[in-house]
Amino acid sequence: MSAIPHLPIFVEDDDIEKGSQIILKLIRPDWDLEKIRCKLFTDGITNKLVGLFDDSRSENDGVLVRIYGKNTEQIIDRKAEVENFKFLYRAGIAPDLYATFDNGLVYKYIRGETLTTTTVRDPNIYRVVARTMARFHRLGTSGKGAGDETNKSGLWNKMEQFANLIPERFSSPSIDLQYRKTFPQGVKSLRADIETVKTLLENIGSPVVFCHNDLLLTNILVQSDNALGGSPVSVAFIDYEYAMFNNQAFDIANHFIEFAGVQEPDFSLYPNVDLQMDWLRSYLEEYIGESLDQNDPRVAVLNDQVNMFTIASHLLWIFWSLVQTEISVIDFDYLKYAEMRLELYMKVKSSLIK
(Lines give C-alpha, C1' and ligand atoms only; values in the text may rest on other atoms or scores of the structure.)
Protein backbone atom coordinates (compact mmCIF):
# COMPACT_ATOMS: atom_id res chain seq x y z
CA MET A 1 0.00 0.00 0.00
CA SER A 2 1.49 3.33 -1.05
CA ALA A 3 1.26 6.50 1.00
CA ILE A 4 -2.32 7.13 2.12
CA PRO A 5 -3.49 10.67 1.30
CA HIS A 6 -4.98 12.79 4.05
CA LEU A 7 -7.92 15.02 3.16
CA PRO A 8 -8.26 18.18 5.30
CA ILE A 9 -12.01 17.71 5.70
CA PHE A 10 -14.18 17.43 8.83
CA VAL A 11 -17.53 15.68 8.31
CA GLU A 12 -20.22 17.10 10.59
CA ASP A 13 -22.50 14.67 12.42
CA ASP A 14 -25.62 16.38 11.16
CA ASP A 15 -24.53 16.47 7.52
CA ILE A 16 -22.84 13.12 6.97
CA GLU A 17 -24.19 12.49 3.47
CA LYS A 18 -23.01 15.84 2.09
CA GLY A 19 -19.61 15.53 3.76
CA SER A 20 -19.17 12.01 2.41
CA GLN A 21 -19.93 13.20 -1.12
CA ILE A 22 -17.30 15.94 -0.85
CA ILE A 23 -14.77 13.26 0.08
CA LEU A 24 -15.97 10.99 -2.73
CA LYS A 25 -15.45 13.76 -5.29
CA LEU A 26 -11.81 14.00 -4.23
CA ILE A 27 -11.03 10.28 -4.39
CA ARG A 28 -13.35 9.40 -7.30
CA PRO A 29 -13.35 12.55 -9.46
CA ASP A 30 -14.75 10.61 -12.44
CA TRP A 31 -17.94 9.60 -10.58
CA ASP A 32 -21.11 11.53 -11.28
CA LEU A 33 -22.49 12.69 -7.92
CA GLU A 34 -25.98 12.83 -9.44
CA LYS A 35 -25.88 9.05 -9.80
CA ILE A 36 -24.49 8.26 -6.36
CA ARG A 37 -26.56 6.16 -3.96
CA CYS A 38 -25.84 6.62 -0.26
CA LYS A 39 -26.52 3.98 2.36
CA LEU A 40 -26.19 4.76 6.07
CA PHE A 41 -25.17 1.82 8.19
CA THR A 42 -26.53 2.53 11.66
CA ASP A 43 -25.43 -0.36 13.86
CA GLY A 44 -22.18 1.17 15.06
CA ILE A 45 -22.02 2.31 18.69
CA THR A 46 -18.66 4.07 18.30
CA ASN A 47 -18.61 5.41 14.72
CA LYS A 48 -20.95 6.17 11.82
CA LEU A 49 -20.56 4.48 8.45
CA VAL A 50 -21.78 5.56 5.01
CA GLY A 51 -21.62 3.47 1.85
CA LEU A 52 -21.40 5.31 -1.49
CA PHE A 53 -22.28 3.45 -4.68
CA ASP A 54 -22.45 4.30 -8.38
CA ASP A 55 -25.20 2.04 -9.71
CA SER A 56 -23.67 2.16 -13.19
CA ARG A 57 -20.65 0.34 -11.77
CA SER A 58 -20.16 -2.91 -9.89
CA GLU A 59 -21.14 -2.81 -6.22
CA ASN A 60 -17.60 -4.04 -5.55
CA ASP A 61 -16.42 -0.55 -6.55
CA GLY A 62 -18.33 0.92 -3.61
CA VAL A 63 -16.64 3.23 -1.12
CA LEU A 64 -17.14 3.30 2.65
CA VAL A 65 -16.72 6.50 4.63
CA ARG A 66 -16.34 5.95 8.36
CA ILE A 67 -16.84 8.99 10.56
CA TYR A 68 -15.30 8.72 14.00
CA GLY A 69 -17.63 9.13 16.93
CA LYS A 70 -17.38 12.50 18.64
CA ASN A 71 -14.62 12.63 21.28
CA THR A 72 -13.51 9.05 20.54
CA GLU A 73 -9.93 10.25 20.05
CA GLN A 74 -9.84 10.19 23.85
CA ILE A 75 -10.22 6.41 23.88
CA ILE A 76 -8.84 5.37 20.48
CA ASP A 77 -5.36 5.96 19.06
CA ARG A 78 -6.35 6.86 15.49
CA LYS A 79 -2.74 6.87 14.25
CA ALA A 80 -2.31 3.31 15.51
CA GLU A 81 -5.60 2.36 13.86
CA VAL A 82 -4.32 3.49 10.45
CA GLU A 83 -1.11 1.53 11.01
CA ASN A 84 -3.17 -1.54 11.92
CA PHE A 85 -5.25 -1.06 8.78
CA LYS A 86 -2.15 -0.92 6.56
CA PHE A 87 -0.56 -3.89 8.31
CA LEU A 88 -3.72 -5.99 7.89
CA TYR A 89 -4.09 -4.91 4.26
CA ARG A 90 -0.57 -6.14 3.52
CA ALA A 91 -1.52 -9.42 5.19
CA GLY A 92 -4.54 -9.74 2.88
CA ILE A 93 -7.12 -9.27 5.65
CA ALA A 94 -8.17 -5.61 5.41
CA PRO A 95 -9.70 -3.87 2.38
CA ASP A 96 -7.95 -1.10 0.41
CA LEU A 97 -7.59 2.09 2.46
CA TYR A 98 -8.13 5.02 0.11
CA ALA A 99 -7.64 8.03 2.37
CA THR A 100 -7.92 9.46 5.85
CA PHE A 101 -9.68 12.72 6.70
CA ASP A 102 -9.81 14.85 9.84
CA ASN A 103 -12.39 12.66 11.58
CA GLY A 104 -12.45 9.41 9.68
CA LEU A 105 -11.31 6.89 7.08
CA VAL A 106 -12.28 6.02 3.51
CA TYR A 107 -11.87 2.46 2.31
CA LYS A 108 -13.11 -0.14 -0.13
CA TYR A 109 -16.60 -1.53 0.33
CA ILE A 110 -16.69 -5.20 1.33
CA ARG A 111 -19.73 -7.16 0.27
CA GLY A 112 -21.26 -9.34 2.91
CA GLU A 113 -23.92 -9.73 5.56
CA THR A 114 -23.19 -8.86 9.16
CA LEU A 115 -23.66 -11.68 11.61
CA THR A 116 -26.84 -11.95 13.65
CA THR A 117 -27.52 -13.71 16.94
CA THR A 118 -28.85 -16.59 14.80
CA THR A 119 -26.21 -16.85 12.07
CA VAL A 120 -23.33 -16.65 14.56
CA ARG A 121 -24.54 -20.03 15.91
CA ASP A 122 -24.61 -21.71 12.48
CA PRO A 123 -21.79 -24.31 12.41
CA ASN A 124 -21.10 -23.57 8.73
CA ILE A 125 -20.50 -19.94 9.66
CA TYR A 126 -18.90 -20.06 13.10
CA ARG A 127 -16.26 -22.54 11.92
CA VAL A 128 -15.24 -20.06 9.22
CA VAL A 129 -15.18 -17.28 11.83
CA ALA A 130 -12.98 -19.45 14.06
CA ARG A 131 -10.51 -20.21 11.26
CA THR A 132 -10.40 -16.55 10.23
CA MET A 133 -9.63 -15.49 13.79
CA ALA A 134 -6.85 -18.07 13.94
CA ARG A 135 -5.27 -16.60 10.79
CA PHE A 136 -5.63 -13.12 12.29
CA HIS A 137 -3.87 -14.27 15.46
CA ARG A 138 -1.05 -15.94 13.56
CA LEU A 139 -0.09 -12.57 12.08
CA GLY A 140 1.44 -11.56 15.39
CA THR A 141 3.31 -14.74 16.23
CA SER A 142 6.39 -13.76 14.20
CA GLY A 143 6.82 -10.56 16.20
CA LYS A 144 6.18 -8.50 13.08
CA GLY A 145 2.71 -7.22 13.77
CA ALA A 146 1.62 -3.60 13.75
CA GLY A 147 2.80 -1.29 16.49
CA ASP A 148 4.59 -2.76 19.50
CA GLU A 149 6.72 -5.64 18.30
CA THR A 150 7.64 -6.89 21.76
CA ASN A 151 4.39 -8.89 21.80
CA LYS A 152 3.35 -7.72 25.24
CA SER A 153 -0.35 -7.51 25.97
CA GLY A 154 -1.69 -3.98 25.80
CA LEU A 155 -4.88 -4.95 27.62
CA TRP A 156 -4.01 -3.72 31.09
CA ASN A 157 -2.77 -0.32 29.92
CA LYS A 158 -5.95 0.02 27.86
CA MET A 159 -8.06 -0.68 30.96
CA GLU A 160 -6.13 1.93 32.94
CA GLN A 161 -6.56 4.42 30.10
CA PHE A 162 -10.33 3.95 30.03
CA ALA A 163 -10.63 4.00 33.83
CA ASN A 164 -8.73 7.31 33.98
CA LEU A 165 -11.22 8.91 31.60
CA ILE A 166 -14.31 8.19 33.70
CA PRO A 167 -15.48 11.50 35.18
CA GLU A 168 -15.91 12.10 38.89
CA ARG A 169 -19.37 13.42 38.05
CA PHE A 170 -21.36 13.00 34.85
CA SER A 171 -22.54 16.20 33.19
CA SER A 172 -26.16 14.95 33.05
CA PRO A 173 -27.67 15.02 36.58
CA SER A 174 -30.06 12.14 35.84
CA ILE A 175 -27.24 9.98 34.46
CA ASP A 176 -25.03 10.88 37.42
CA LEU A 177 -27.78 9.85 39.82
CA GLN A 178 -28.29 6.52 38.07
CA TYR A 179 -24.52 5.93 37.97
CA ARG A 180 -24.23 6.46 41.74
CA LYS A 181 -27.02 3.96 42.37
CA THR A 182 -25.23 1.27 40.37
CA PHE A 183 -21.68 2.25 41.33
CA PRO A 184 -22.09 3.67 44.87
CA GLN A 185 -18.30 3.76 45.35
CA GLY A 186 -17.61 5.02 41.86
CA VAL A 187 -15.15 2.78 40.03
CA LYS A 188 -12.58 2.75 42.81
CA SER A 189 -13.00 -0.95 43.61
CA LEU A 190 -13.12 -1.88 39.93
CA ARG A 191 -9.88 -0.01 39.30
CA ALA A 192 -8.30 -1.90 42.17
CA ASP A 193 -9.44 -5.12 40.49
CA ILE A 194 -7.32 -4.49 37.39
CA GLU A 195 -4.15 -5.69 39.11
CA THR A 196 -5.98 -8.65 40.68
CA VAL A 197 -7.41 -9.78 37.36
CA LYS A 198 -4.05 -9.25 35.64
CA THR A 199 -2.30 -11.42 38.23
CA LEU A 200 -4.96 -14.10 37.86
CA LEU A 201 -4.76 -14.27 34.07
CA GLU A 202 -1.13 -13.56 33.21
CA ASN A 203 0.06 -16.96 34.29
CA ILE A 204 -2.53 -19.27 32.73
CA GLY A 205 -0.51 -19.75 29.55
CA SER A 206 -2.58 -17.85 26.98
CA PRO A 207 -0.15 -16.64 24.29
CA VAL A 208 0.01 -12.98 23.32
CA VAL A 209 -1.00 -12.56 19.67
CA PHE A 210 -2.23 -9.78 17.41
CA CYS A 211 -5.92 -9.49 18.34
CA HIS A 212 -8.91 -7.65 16.91
CA ASN A 213 -10.39 -7.18 20.42
CA ASP A 214 -13.82 -6.05 19.25
CA LEU A 215 -15.41 -8.90 17.30
CA LEU A 216 -19.01 -8.04 17.92
CA LEU A 217 -21.51 -9.33 15.37
CA THR A 218 -21.58 -6.15 13.29
CA ASN A 219 -17.80 -6.27 12.84
CA ILE A 220 -17.96 -9.64 11.06
CA LEU A 221 -19.16 -9.86 7.46
CA VAL A 222 -20.16 -13.20 5.95
CA GLN A 223 -19.43 -13.56 2.26
CA SER A 224 -21.46 -16.30 0.62
CA ASP A 225 -21.37 -17.94 -2.81
CA ASN A 226 -24.83 -18.11 -4.32
CA ALA A 227 -23.58 -20.76 -6.71
CA LEU A 228 -23.02 -22.98 -3.68
CA GLY A 229 -26.51 -22.45 -2.35
CA GLY A 230 -25.50 -19.49 -0.22
CA SER A 231 -22.85 -21.44 1.72
CA PRO A 232 -20.37 -19.15 3.52
CA VAL A 233 -17.11 -18.93 1.58
CA SER A 234 -15.29 -16.52 3.85
CA VAL A 235 -15.78 -13.93 6.54
CA ALA A 236 -14.16 -10.53 6.84
CA PHE A 237 -13.36 -8.70 10.06
CA ILE A 238 -13.83 -4.93 9.93
CA ASP A 239 -13.00 -1.97 12.21
CA TYR A 240 -9.50 -2.29 13.67
CA GLU A 241 -9.57 0.61 16.09
CA TYR A 242 -9.02 -1.58 19.16
CA ALA A 243 -6.64 -4.04 17.49
CA MET A 244 -3.41 -4.62 19.41
CA PHE A 245 -1.35 -7.38 20.94
CA ASN A 246 -3.34 -9.16 23.60
CA ASN A 247 -3.89 -12.63 25.00
CA GLN A 248 -5.37 -15.08 22.52
CA ALA A 249 -8.06 -16.17 24.98
CA PHE A 250 -9.30 -12.59 25.42
CA ASP A 251 -10.23 -12.21 21.75
CA ILE A 252 -12.15 -15.48 21.75
CA ALA A 253 -13.87 -14.84 25.09
CA ASN A 254 -14.85 -11.37 23.93
CA HIS A 255 -16.36 -12.80 20.73
CA PHE A 256 -18.29 -15.45 22.64
CA ILE A 257 -19.79 -12.74 24.86
CA GLU A 258 -20.76 -10.83 21.70
CA PHE A 259 -23.05 -13.72 20.70
CA ALA A 260 -25.48 -11.64 22.79
CA GLY A 261 -25.89 -9.04 20.06
CA VAL A 262 -25.38 -5.27 20.22
CA GLN A 263 -28.45 -3.05 20.39
CA GLU A 264 -30.43 -5.09 22.92
CA PRO A 265 -27.94 -7.71 24.10
CA ASP A 266 -29.14 -11.02 25.52
CA PHE A 267 -26.19 -12.43 27.42
CA SER A 268 -27.96 -15.77 27.89
CA LEU A 269 -26.91 -16.43 24.28
CA TYR A 270 -23.31 -17.11 25.34
CA PRO A 271 -22.45 -20.34 23.45
CA ASN A 272 -23.01 -23.62 25.26
CA VAL A 273 -20.17 -26.04 25.93
CA ASP A 274 -20.73 -28.13 22.79
CA LEU A 275 -20.61 -25.06 20.56
CA GLN A 276 -17.57 -23.69 22.39
CA MET A 277 -15.64 -26.94 21.97
CA ASP A 278 -16.49 -27.27 18.28
CA TRP A 279 -15.61 -23.61 17.66
CA LEU A 280 -12.30 -23.95 19.49
CA ARG A 281 -11.36 -27.14 17.67
CA SER A 282 -11.89 -25.38 14.32
CA TYR A 283 -9.82 -22.48 15.61
CA LEU A 284 -6.93 -24.62 16.85
CA GLU A 285 -6.77 -26.73 13.71
CA GLU A 286 -6.13 -23.56 11.72
CA TYR A 287 -3.91 -21.96 14.36
CA ILE A 288 -1.53 -24.90 14.80
CA GLY A 289 -1.99 -26.39 11.35
CA GLU A 290 -3.07 -29.93 12.16
CA SER A 291 -6.26 -31.96 12.49
CA LEU A 292 -7.46 -32.51 16.03
CA ASP A 293 -9.53 -35.24 17.58
CA GLN A 294 -12.77 -34.14 19.21
CA ASN A 295 -11.30 -34.93 22.63
CA ASP A 296 -7.86 -33.37 22.11
CA PRO A 297 -6.83 -31.98 25.52
CA ARG A 298 -5.55 -28.76 23.91
CA VAL A 299 -9.13 -27.82 23.09
CA ALA A 300 -10.16 -28.22 26.73
CA VAL A 301 -7.16 -26.16 27.91
CA LEU A 302 -8.05 -23.33 25.54
CA ASN A 303 -11.68 -23.51 26.62
CA ASP A 304 -10.68 -23.08 30.27
CA GLN A 305 -8.50 -20.08 29.36
CA VAL A 306 -11.31 -18.50 27.34
CA ASN A 307 -13.82 -18.89 30.15
CA MET A 308 -11.38 -17.26 32.57
CA PHE A 309 -10.77 -14.33 30.22
CA THR A 310 -14.46 -13.42 30.19
CA ILE A 311 -13.74 -11.51 33.41
CA ALA A 312 -11.24 -9.28 31.58
CA SER A 313 -13.68 -8.59 28.75
CA HIS A 314 -16.41 -7.53 31.18
CA LEU A 315 -14.06 -5.26 33.11
CA LEU A 316 -12.66 -3.57 30.00
CA TRP A 317 -16.06 -2.78 28.50
CA ILE A 318 -17.48 -1.55 31.83
CA PHE A 319 -14.79 1.14 31.84
CA TRP A 320 -15.33 1.84 28.13
CA SER A 321 -19.11 2.13 28.53
CA LEU A 322 -18.77 4.62 31.37
CA VAL A 323 -16.44 6.80 29.30
CA GLN A 324 -18.84 6.64 26.36
CA THR A 325 -21.72 7.55 28.68
CA GLU A 326 -20.12 10.95 29.08
CA ILE A 327 -18.55 11.64 25.69
CA SER A 328 -20.65 9.92 23.02
CA VAL A 329 -23.46 11.56 21.05
CA ILE A 330 -24.59 8.26 19.50
CA ASP A 331 -28.09 7.14 20.52
CA PHE A 332 -27.18 4.17 22.71
CA ASP A 333 -27.70 3.58 26.43
CA TYR A 334 -24.08 3.13 27.45
CA LEU A 335 -24.83 3.34 31.18
CA LYS A 336 -27.37 0.53 30.95
CA TYR A 337 -24.79 -1.49 29.03
CA ALA A 338 -22.20 -0.83 31.75
CA GLU A 339 -24.72 -2.05 34.35
CA MET A 340 -25.32 -5.28 32.42
CA ARG A 341 -21.60 -5.94 32.08
CA LEU A 342 -21.09 -5.16 35.78
CA GLU A 343 -23.65 -7.79 36.74
CA LEU A 344 -21.86 -10.38 34.60
CA TYR A 345 -18.48 -9.27 35.90
CA MET A 346 -19.51 -9.74 39.53
CA LYS A 347 -20.86 -13.18 38.75
CA VAL A 348 -17.64 -14.30 37.05
CA LYS A 349 -15.51 -12.63 39.73
CA SER A 350 -17.25 -14.57 42.51
CA SER A 351 -16.42 -17.84 40.76
CA LEU A 352 -12.80 -17.01 39.84
CA ILE A 353 -11.45 -14.81 42.63
CA LYS A 354 -11.68 -16.21 46.13
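Taking the protein heavy atoms of the stretch 1-122 in the context of the full set of protein chains, the accessible area attributed to carbon and sulfur is 47 percent at 1.4 Å. For the chain, the relative contact order works out to 18 percent when only alpha carbon pairs closer than 8 Å and six or more residues apart are counted. Taking 96, 278, 14 in turn, the Gaussian network model of the chain (Cα-Cα springs below 10 Å) assigns the largest fluctuation to 14. The fraction of Cα-Cα pairs per 5 angstrom bin, counted from 0 for the stretch 172-299, comes to 2, 8, 11, 15, 20, 19, 11, 6, 4, 3, 2, 0 percent, rounded to whole percents.
Considering all projection directions equally, how large on average is the shadow of the alpha-carbon convex hull of the stretch 235-354, in square nanometres?
Numbers: hull surface 35.6 nm².
Orientation-averaged projected area of the Cα hull: 8.9 nm².
Averaged over its residues, the stretch 225-301 has an accessible area of 42 Å² per residue, based on protein heavy atoms and a 1.4 Å probe.
Which of the peptides 120-132, 310-322 is most tightly packed, and how do the rest follow, going by the mean number of other Cβ atoms within 10 Å of each residue?
Details: 120-132: 18.8, 310-322: 24.9.
Highest mean packing first, the order is 310-322, 120-132.
What number, rounded to the nearest 500 deg cm²/dmol, is the helix-based mean residue ellipticity at 222 nm of the chain, given -39500 (n - 2.57) per DSSP H run of at least four residues and division by all its residues? Numbers along the way, then the final one.
Numbers: 10 runs with 153 residues, N = 354.
One gets -14000 deg cm²/dmol as the mean residue ellipticity at 222 nm.
For residue 55, the solvent-accessible surface computed with a 1.4 Å probe is close to 100 Å², ligands and nucleic acids excluded.
Pulled fully out, how much extra length does the chain show between residue 333 and residue 83, if you take 0.36 nm times their separation in residues and subtract their Cα-Cα distance?
Taking 0.36 nm per residue and subtracting the Cα distance, the gain is 86.9 nm.
Quotient of the Cα radius of gyration of the chain and 2.2 N^0.38 Å, N being its number of residues: 1.00.
Only lysine pairs 8 or more places apart or on separate chains count here, and in the stretch 1-108 those with Cα atoms under 20 Å apart total 18.
Beta carbons within 10 angstrom, averaged per residue: use that to sort the peptides 206-216, 174-184, 71-81, highest first. Kindly include the intermediate steps, with their values, before the conclusion.
Details: 206-216: 23.1, 174-184: 13.9, 71-81: 15.6.
Descending packing order for the listed peptides: 206-216, 71-81, 174-184.
Note the full-extension length gain between residue 102 and residue 160 as 0.36 nm times their separation in residues minus their Cα-Cα distance, in nm to one decimal. Before the final figure, lay out each step's value.
Numbers: separation 58, 0.36 × 58 = 20.88 nm, distance 2.67 nm.
Extending this stretch completely gives an extra 18.2 nm.
The values are calculated or read from the model by the stated rules, or taken from the named source; none is laboratory data. Keep in mind it's a predicted model, so treat the numbers as computed, not measured. Don't worry about glycine lacking a Cβ; one is built from the backbone with ideal geometry, like all the others, and counts go over all protein chains shown. We work out accessible area using only protein heavy atoms, side chains counted, and drop any ligands, DNA or RNA first. Shrake-Rupley method; radii C 1.70, N 1.55, O 1.52, S 1.80 Å.
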